[in-house]
Amino acid sequence: MAESPESPETHALKPETIAVQAGRPVHEPDQPLNVPISMASTYVGGGDKEYGRYTNDAWVAFESALGALEHGEALTFSSGQAATATILDLVNDSTVVCGQAYLGTTGQLADLEARGRLRTKLVDISDTESVIAALDDDTAILWIESPTNPEMQLADLPALIAAAHERDIRVVVDNTLATPILQQPLLLGADIVLHSVTKYLAGHSDVNLGALVVRDPDLFSVLKGRRDLIGAIPGPFEVWLALRGLRTLPLRVRAASANAAELARRLEEHPAIDEVRYPGTGAMLAVVLPTAEAAELLTHSTTLWVHATSLGGVESTFERRRRWKGESTDVPEGLVRLSVGIEDVDDLWMDLQQALSSVGLPR
Ligand SMILES: *Cc1c(COP(=O)(O)O)cnc(C)c1O
């Protein structure tokens, strides 16, 4: 018997479709296509909304789109750091095992450890055996970034998640660099996905925002309760901008990743570069130059590439990571992290090539 054609309800929509269609008002005459920005700190009482710290129409729209892309329920926060703090606020007198991570994450862990709130074990997330060996009865959370920022290491997510769950340890995956387009950790069993929405999801270097996504309704209630209580909430306009950015996430990630793959290939062959670290996917890569001076010179000799921190915008940016005092000393002094944008790849290459010639080596 022939299969009946799948309706949109039975057919899991593709990320390209979800990113465009989710979080819209109903299709009815005179409804706007986009959820309007609702500037409200208070609502007429007696309904579900009540107060602006609890909900906002723009949050709900963005959260439904991000939740659909990550296969969970999303909560938006005022920054990625606020989302991180909300999780760590739940940890008491136990250990967080953490791979190489964003320096704001390790900064929060170090701060909490110094105040006696928790203990931290830093591990090499690409060494699966040693990470599993670090998980013990005291461990509350395994915190994973993959690829890592800025070293571009990859974690074996299914193996690490399984090992953590065998020991009743919750797994947080910071999915900022991969985005749900390249990796969906909740489908691999992770408990919480964290995003700095500031980066790829919003995608235009114009807002600071964060998000958490979970599948377990009880965990969702706990995290929503913390957001209600602590109040690390985003502004309606910022979330509206992030949803606007999210509409093109699949296109931007695909274009930027193609550029990154091509630039990694060309940089591999460049004599001024000691090492190229490219995880084989995504739009981030790192190059190692022989000295800090050469790396600094490179980041100040371009016209298209912007010397700037952060990542995930439509525009190409780069920086020498060790210029930050808090950066791990494992990161080489001459490491330059590149956030590849969606410009023309040959234009980006020409600009890099002319800058590389200024660091003293011929092309
Ligand atoms: C930027 C970043 C964060 C922190 O997010 P903010 O929005 O800057 O607060 C967390 N994790 C990763 C991987 C990041 O790149």
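Quick one: which residue in Thr86, Thr139, Thr106, Thr120 is assigned by TED's automatic domain parsing to the domain that holds Ile169 and in contact with an Asp or Glu (Cβ under 8 Å, 6 or more places away or on another chain)?
Result of the check over Thr86, Thr139, Thr106, Thr120: Thr120.
Of the residues that sit in region 172-202 and are over 20 Å from Leu243 (Cβ atoms) and among the charged types (D, E, K, R), which one is farthest from the ligand (Cβ to nearest atom)?
Result: Asp191.
Being in a helix (DSSP H, G or I) and either among the small types (Gly, Ala, Ser) or farther than 25 Å from Leu289 by Cα (or both): is that true of Ala83 here?
Against the criterion (in a helix (DSSP H, G or I) and either among the small types (Gly, Ala, Ser) or farther than 25 Å from Leu289 by Cα (or both)), Ala83 qualifies.
So, in region 196-209, of the ones that are farther than 14 Å from Gly341 by Cβ and under 9 Å from the mean Cα position of the chain (by Cα), which residue ends up surrounded by the fewest Cβ atoms within 10 Å (Cβ to Cβ)?
So, considering only residues that are farther than 14 Å from Gly341 by Cβ and under 9 Å from the mean Cα position of the chain (by Cα), the one surrounded by the fewest Cβ atoms within 10 Å (Cβ to Cβ) is Thr198.
Residues are listed down the side, and each one gets a yes or a no for (1) more than 11 Å from the chain's Cα centre (by Cα); (2) of a type in the set (A, V, I, L, M, F, W, C); (3) surrounded by fewer than 24 Cβ atoms within 10 Å (Cβ to Cβ):
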residue	(1), (2), (3)
Asp137	yes, no, yes
Glu145	no, no, no
Met152	yes, yes, yes
Leu160	yes, yes, no
His165	yes, no, yes
Asp174	no, no, no
Leu187	yes, yes, yes
Val193	no, yes, no
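May I ask you to say which residue of Ala159, Ala202 is of a type in the set (Gly, Ala, Ser) and either within 21 Å of Pro234 (Cβ to Cβ) or modelled with pLDDT under 95 (or both)?
Just one listed residue meets the conditions, Ala202.
Note down all Cβ pairs under 6 Å where the first residue falls in region 148-162 and is assigned to a loop (DSSP other than H, G, I, E, B), the second is among the polar types (S, T, N, Q) and crowded, with 18+ Cβ neighbours inside 10 Å, and they're at least six residues apart or on different chains.
Thr148/Gln100; Glu151/Gln100; Gln153/Ser126; Leu154/Ser146; Ala155/Ser146
Which pairs have Cβ atoms under 6 Å, sit 6 or more apart or on different chains, and link a residue in region 167-178 that is touching a residue at least 40 places away in the same chain (Cβ under 8 Å) to one that is within 10 Å of the ligand (Cβ to nearest atom) and assigned to a loop (DSSP other than H, G, I, E, B)?
Thr176/Lys199; Leu177/Pro147; Leu177/Asn149
In region 305-326, which residue that is crowded, with 22+ Cβ neighbours inside 10 Å and among the aromatic types (Phe, Trp, Tyr) is farthest from the ligand (Cβ to nearest atom)?
The residue in question is Trp305.
Here's the yes/no breakdown for (1) more than 22 Å from Asn149 (Cα to Cα); (2) in the same structural domain as Val35 (by TED's automatic domain parsing); (3) touching a residue at least 60 places away in the same chain (Cβ under 8 Å); (4) of a type in the set (D, E, K, R):
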{"position": "Val197", "(1), (2), (3), (4)": "no, yes, yes, no"}
{"position": "Leu219", "(1), (2), (3), (4)": "yes, yes, no, no"}
{"position": "Leu223", "(1), (2), (3), (4)": "yes, yes, yes, no"}
{"position": "Ile233", "(1), (2), (3), (4)": "yes, yes, yes, no"}
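The values are calculated or read from the model by the stated rules, or taken from the named source; none is laboratory data. Treat the numbers as computed from the prediction; the structure is a model and nothing was measured. Methodologically, a virtual Cβ is constructed for each residue, glycine included, from the backbone with ideal geometry; neighbour enumeration extends over all protein chains shown.
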